[in-house]
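Participant: For reference, the structure I am asking about is given below.
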Amino acid sequence: MIDLYENGVYLVEGKPVKTAVAGVTPDEGRENTIAYRILRAHDVSEDRKKMKIRFDCLMSHDITYVGIIQTARASGLKEFPIPYAMTNCHNSLCAVGGTINEDDHVFGLSAAKKYGGIYVPVNQSVIHSYAREAMANCGNMILGSDSHTRYGALGTMGVGEGGPELVKQLLKNTWDINAPEVVLVYVTGKPKKGVGPHDVALALVKATFANGFVKNKVMEFVGPGIESLPYDFRNGIDVMTTETTCLSSIWATDAEIEKYYKIHGRPEGYRKLEPNGVAYYDSMIELDLSKIECMIALPFHPSNAYTIHEFLENPVEILKSVEAEAEKKFGAKVHLKLTDKVHDGKVWADQGVIAGCSGGTFDNCVAAAEIMDGHDVGDGYFGFSVYPTSVPTSLELTRIGMTEKLLESGTIIKQSFCGPCFGAGDVPANNGLSLRHTTRNFPNREGSKPGEGQISTVALMDSRSIAATARNHGAITAASDVDWDDVHYEYHFDKSVYDRRVYNGFGKADPSVELKLGPNITDWPAMYELTDNVLLELDAVIRDPVTTTDELIPSGETSSYRSNPIRLAEFALSRRVPEYVGRSKQVMQMDFERRDGGKPERIMKALEKVGDADELIKTTGFGSCVFANKPGDGSAREQAASCQRVLGGFANICYEYATKRYRSNCINWGILPFTLPEGAEFPFECGDFVFVPGVREAVKNGVETIPAKVITADGVKDITLNIKGLTKDEKEILLEGNLMNYYKANMNK
């Protein structure tokens with residue numbers, strides 16, 4: 001099905017060669033990959049190993065664009081220098097939190113008019129659908145403030161990062177990365193009937209996530225199997241490459257992609273992309289589409305995947321493992337009982353949802369309609385909802401009769417919305433099991449509140465198998481096990497929908513426009529430069545193998561407060577370490593007292609154990625710290641870091657960061673990204689202190705190994721902290737205290 005080859009390979013005349021090729025070094029061959037030809041076209045660095053990338057356009061949605069624009073405005077923004085599209089597909093439920101969601105939308109339109117942006121109104125399109133339809137071009141690069149910014153199947157390298165990286169682009173600066181490795185995904189075969197893009201994607205994630213096979217690398221899809229895949233199928237696989245933790249993705253393009261651009265009225269956007277000459281790849285994934293089966297990814301990660309047949313052969317034992325994982329994560333707060341879903345010789349789900357950038361595409365909705373044609377959802381507990389990705393998609397489904405087939409079966413058709421992906425829509429009942437063709441199934445993505453005794457869970461499946469399950473009234477069923485007409489309909493894109501409704505103001509900035517600021521839209525609180533030394537209190541110690549951004553700052557109901565940094569910070573780690581906010585606030589208050597010349601007793605007692613407290617307190621900042629083994633998997637949301645900073649967070653300590661984007665978010669918000677040496681133990685607990693002397697000088701001079709001391713009730717212990725690979729700009733950002741301070745300092749020079 002999927003084979004991983006760890007060593008370098010060459011691609012010669014379209015076929016992988018696992019031995020050296022005379023006359024071509026790896027460095028030379030890597031330049032012949034599609035990925036490097038695109039990266040080099042956007043790289044303004046003089047150092048071939050350190051890339052500085054300028055993107056062609058930017059994408060944000062209504063959870064992120066307010067904070068980005070507010071940060072850029074505080075840093076001197078006058079006009080958007082490149083096309084910047086702002087979609088309104090996350091905070092679309094405007095009844096949540098009073099007027100605040102719609103206040104954000106009004107702000108977004110006023111910002112588009114003032115700075116020259118593109119504004120896509122509520123429910124017109126989900127962010128990545130609009131990017132595909134209107135922004136992608138072969139050979140281009142798009143930066144988005146959403147982790148699933150992936151348009152590689154359309155010949156566009158997409159990168160998802162935290163908001164501060166978009167701020168840098170708005171201020172004409174660069175995205176700085178080490179020249180990445182490239183992984184060849186060599187595609188052969190043809191999918192079986194019933195197997196959809198999510199099945200392929202989940203199999204890929206299962207094969208590559210836990211072992212970090214493609215972490216921070218570019219996945220390049222090449223091979224004869226690609227030609228068998230319609231463009232929607234390719235897009236559906238590509239968007240899920242985010243879950244492998246790769247840096248970006250790119251595909252060879254062909255007549256199918258040329259057709260896509262013609263259908264969408266942009267034939268000039270197409271360019272044939274393929275590796276040049278002899279191309280070198282640092283490793284290879286061999287993907288045989290003909291061997292992929294219908295898949296299910298059980299809670300609490302897309303990599304927790306099984307074939308549906310494998311799952312149905314042994315459901316009780318597998319579901320017991322999920323229950324055990326829930327108990328480990330949530331303790332006695334909740335009692336998940338998924339084994340109750342097994343009865344009458346079947347496994348029963350409570351809900352099916354097809355939505356968002358991965359699920360609601362035209363072909364996926366058509367397949368669901370054909371499977372449901374002449375059948376029904378039933379009158380039991382199971383419910384089925386479908387969210388087409390955009391109004392043009394929904395319009396075409398209606399025109400060809402697919403919407404009618406779905407509605408006749410008892411399926412509910414809803415507006416374009418990303419909510420079911422992150423827990424702001426279609427929340428099932430307590431202890432419910434929801435099947436979703438969306439991108440993630442992390443804890444709480446379905447709306448749970450474990451602290452209040454509420455929990456439900458999400459399993460990921462392809463739209464085809466979800467429809468097959470709906471047809472059987474909730475009995476989990478592989479689409480390969482039902483009879484249906486797998487008809488491929490030609491799609492007709494009606495651009496007039498966007499022409500009438502989308503505000504396209506790029507190049508038409510009007511400085512006279514006043515930003516419309518609702519009462520929930522607030523500025524960032526003051527944050528201070530890095531002190532000579534730091535005293536860190538461990539206010540959250542998480543020993544899970546991986547900690548997601550959803551655990552650092554929950555999705556769902558918190559989304560409405562992302563324009564209000566102080567209020568949003570109240571949710572930090574609330575579903576994982578509920579005591580964190582209170583602890584951090586106490587630490588922050590003591591640091592305020594220290595800045596005013598006070599000598600808080602807790603600080604003084606800790607400093608007395610490492611030196612002259614009266615002298616040290618003059619040069620030692622006091623902040624909170626989070627320890628986790630591997631933090632930051634998942635969303636690109638900067639708030640996973642910024643909320644810690646708002647609460648006085650100074651540092652993270654870990655063994656490694658799950659993604660580059662989370663580490664970047666930490667740096668951009670002035671959080672020291674410490675790591676521990678390989679094999680080092682960290683037996684310390686909440687309430688212990690970490691004293692890092694000379695940290696400012698170490699950051700300034702690029703010292704990567706810093707001796708520190710841990711202060712516990714049992715005494716003082718030596719520890720080594722690493723802070724590796726900081727760029728010149730990253731050093732200055734940390735020294736100034738965050739990205740905004742960095743820009744302000746440079747403006748005043």
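Participant: So which of Lys328/Lys449; Lys172/Lys508; Lys215/Lys700; Lys217/Lys291 end up more than 20 Å apart by C-alpha? Can you show the working numbers first?
Facilitator: Details: Lys328/Lys449 16 Å; Lys172/Lys508 18 Å; Lys215/Lys700 28 Å; Lys217/Lys291 25 Å.
Violating the 20 Å limit, Cα to Cα: Lys215/Lys700; Lys217/Lys291.
Participant: Right, here's the next one. Considering only DSSP beta bridges with both partners in the chain, what is the antiparallel share in %, to the nearest 5? Can you show the working numbers first?
Facilitator: Numbers: 44 of 106 bridges.
Antiparallel bridges make up about 40 percent of those DSSP assigns within the chain.
Participant: Still on this model: If you take the charge dipole of the chain about its Cα centre, with +1 on Lys and Arg Cβ and -1 on Asp and Glu Cβ, which of Pro388, Val9, Pro578 is farthest toward its positive end?
Facilitator: About the Cα centre, the residue reaching furthest to the positive side is Pro578.
Participant: Please list, by residue number, every one of the GluC sites (Glu not before Pro) in the range 39-114 that is coil in DSSP and has at most 15 other beta-carbon atoms within 10 Å. Numbers along the way, then the final one.
Facilitator: Working: sites: Glu46, Glu79, Glu102; in loops: Glu46, Glu79.
For GluC sites (Glu not before Pro) across the range 39-114 that sit outside H, G, I, E and B with at most 15 neighbouring Cβ atoms in 10 Å, the list reads Glu46, Glu79.
Participant: What share of Cα pairs, in percent, lie more than 23 angstrom apart in the range 279-392?
Facilitator: Details: 3177 of 6441 pairs.
Tail of P(r) above 23 Å: 49 percent of Cα pairs.
Participant: Note down the relative contact order for the range 248-398 as a percent, whole number, built from C-alpha pairs under 8 angstrom at least six residues apart. Can you show the working numbers first?
Facilitator: Working: 117 pairs, mean separation 20.4, N = 151.
The value is 14 percent.
Participant: Right, next: By how many nm would the segment from Lys605 to Tyr381 grow when fully extended, if each residue of separation counts as 0.36 nm and the alpha-carbon distance is taken off?
Facilitator: In short, 74.7 nm is gained.
Participant: Kindly put Ile237, Ile400, Ile354 in sequence by how many other C-beta atoms sit within 10 Å of each C-beta, fewest to most. Intermediate values should be presented prior to the final figure.
Facilitator: Numbers: Ile237 29, Ile400 16, Ile354 33.
Fewest to most other Cβ atoms nearby, the residues stand as Ile400, Ile237, Ile354.
Participant: By what distance, in whole Å, do the Cα atoms of the range 327-392 stretch along each of the three principal axes, largest value first?
Facilitator: Its Cα atoms span 47, 29, 17 Å along the three principal axes.
Participant: Same structure again: Using alpha carbon centroids, what distance separates the range 263-324 and the range 648-721, in Å?
Facilitator: Cα centres, the range 263-324 to the range 648-721: 36 Å.
Participant: Okay, moving on. At a 10 Å Cβ-Cβ cut-off, how would you order His437, His492, fewest neighbours first? It would help to have the intermediate numbers written out before the result.
Facilitator: Working: His437 31, His492 12.
By the 10 Å Cβ count, ascending, the order reads His492, His437.
Participant: Return a whole-number percent for the relative contact order of the chain, with Cα pairs under 8 Å and 6 or more residues apart as the contact set.
Facilitator: Working: 1817 pairs, mean separation 107.5, N = 749.
Contact order relative to length: 14 percent.
Participant: When N counts the residues of the range 36-100, how does its alpha-carbon radius of gyration compare numerically with 2.2 N^0.38 Å, as a ratio? Before the final figure, lay out each step's value.
Facilitator: Details: Rg = 16.5 Å, N = 65, 2.2 N^0.38 = 10.7 Å.
Expressed relative to 2.2 N^0.38 Å, the Cα Rg reads 1.54.
Participant: In addition: State, as an integer percentage, the relative contact order of the range 297-496 based on alpha-carbon contacts under 8 Å between residues 6 or more apart.
Facilitator: Working: 427 pairs, mean separation 56.0, N = 200.
It comes to 28 percent, rounded to a whole number.
Participant: Here is a follow-up. Tell me which of Ile566, Tyr491, Ala279 sits at the most positive position along the dipole axis of the chain, charges placed on C-beta atoms (Lys, Arg +1; Asp, Glu -1).
Facilitator: Ile566
Participant: Distance in nm between label sites at Arg500 and Lys192, each 7 Å beyond Cα in the beta-carbon direction?
Facilitator: 4.5
Participant: Place a +1 charge on the Cβ of each Lys and Arg in the chain and a -1 charge on the Cβ of each Asp and Glu, then give the dipole magnitude about the Cα centre in debye, rounded to the nearest 20.
Facilitator: Details: 81 positive and 100 negative charges, 335 e Å.
With Lys and Arg at +1 and Asp and Glu at -1, about 1620 debye.
Participant: How big is the convex hull of the Cα atoms of the range 410-548, per residue, in Å³?
Facilitator: Values: hull volume 42.0 nm³, N = 139.
Hull volume over Cα atoms, normalised by residue count, gives 302 Å³.
Participant: Using the Kirkwood radius over C-alpha pairs as Rh, can you work out the diffusion coefficient of the range 288-333 via Stokes-Einstein at 20 °C, viscosity 1.002 mPa s, in µm² per second?
Facilitator: On the way: Rh = 11.8 Å.
Roughly 182 µm²/s, to the nearest whole number.
Participant: Let me know the charge dipole size of the range 1-58 about its Cα centre in debye, to the nearest 20, where only the beta-carbon of Lys, Arg (+1) and Asp, Glu (-1) is charged.
Facilitator: Values: 10 positive and 10 negative charges, 28 e Å.
Value, rounded to 20: 140 debye.
Participant: Return Glu220, Glu601, Glu181 ranked ascending by Cβ neighbour count within 10 Å, so the fewest neighbours appear first.
Facilitator: Details: Glu220 27, Glu601 9, Glu181 17.
Ascending number of Cβ neighbours within 10 Å: Glu601, Glu181, Glu220.
Participant: Can you say what percent of the DSSP beta bridges in the range 68-194, counting only those with both residues inside, are antiparallel? Round to 5.
Facilitator: Working: 1 of 8 bridges.
In the range 68-194, approximately 10 percent of DSSP beta bridges are antiparallel ones.
Participant: Among Tyr261, Ser290, Ile542, which residue has its Cα positioned farthest towards the positive end of the charge dipole of the chain, with +1 placed on the Cβ of Lys and Arg, -1 on the Cβ of Asp and Glu, and the dipole taken about the Cα centre?
Facilitator: About the Cα centre, the residue reaching furthest to the positive side is Tyr261.
Participant: Could you give the size of the charge dipole of the range 533-747 about its Cα centre, using +1 on the Cβ of each K and R and -1 on the Cβ of each D and E, expressed in debye and rounded to the nearest 20?
Facilitator: Details: 28 positive and 31 negative charges, 108 e Å.
Its charge dipole is roughly 520 debye.
Participant: Could you calculate, for the chain, the ratio of the Cα radius of gyration to the Kirkwood radius, expressed as Rg to Rh?
Facilitator: On the Cα set of the chain, Rg over Rh gives 0.96.
Participant: For n ≥ 4 DSSP H runs only, could you compute -39500 (n - 2.57) per run for the chain, divide by its residues and tell me the 222 nm figure to the nearest 500? Write out the running numbers ahead of the final one.
Facilitator: Working: 28 runs with 232 residues, N = 749.
Calculated at 222 nm, the ellipticity per residue is -8500 deg cm²/dmol.
Participant: At q = 0.11, 0.12 Å⁻¹, what is the log10 ratio I(q)/I(0) for the range 113-270, with the Debye formula run over Cα points and no solvent?
Facilitator: So the normalised log intensities are -0.45, -0.54.
Participant: Hey, if you drop one equal point scatterer on each alpha-carbon of the range 449-493 and run the Debye formula without solvent, what base-10 log of I(q)/I(0) do you get at q = 0.15, 0.16, 0.19, 0.33 Å⁻¹?
Facilitator: -0.57, -0.61, -0.71, -1.15
Participant: Using just the alpha carbons, could you tell me how many Å³ per residue the convex hull of the range 297-496 encloses?
Facilitator: Values: hull volume 21.6 nm³, N = 200.
Normalising the Cα hull of the range 297-496 by residue number yields 108 Å³.
Participant: Another question about this same structure. Find the percent of Cα-Cα distances in the range 533-747 that exceed 31 Å, and round it to a whole number.
Facilitator: On the way: 3021 of 23005 pairs.
Here the long-distance tail beyond 31 Å is 13 percent of all Cα pairs in the range 533-747.
Participant: Using the Karplus curve 6.51 cos²θ - 1.76 cosθ + 1.60 with θ = phi - 60°, work out ³J(HN,Hα) for each residue of the range 510-519 in order, rounded to whole Hz, and write x for Gly and Pro.
Facilitator: 10, x, 6, 5, 8, 5, 8, 10, x, x
Participant: Across every pair of different alpha-carbon atoms, what Kirkwood hydrodynamic radius in Å does the range 643-749 reach? Working shown, then result.
Facilitator: On the way: mean 1/r = 0.0682 Å⁻¹.
Computed over the range 643-749, the radius equals 14.7 Å.
The numbers here are math on the coordinates, done by the rules we state, and not lab data. Fair warning: this is a prediction, and the values are worked out from it, not measured in the lab. Every residue, glycine among them, receives a Cβ derived from its backbone with ideal geometry; neighbour counts consider all protein chains shown.
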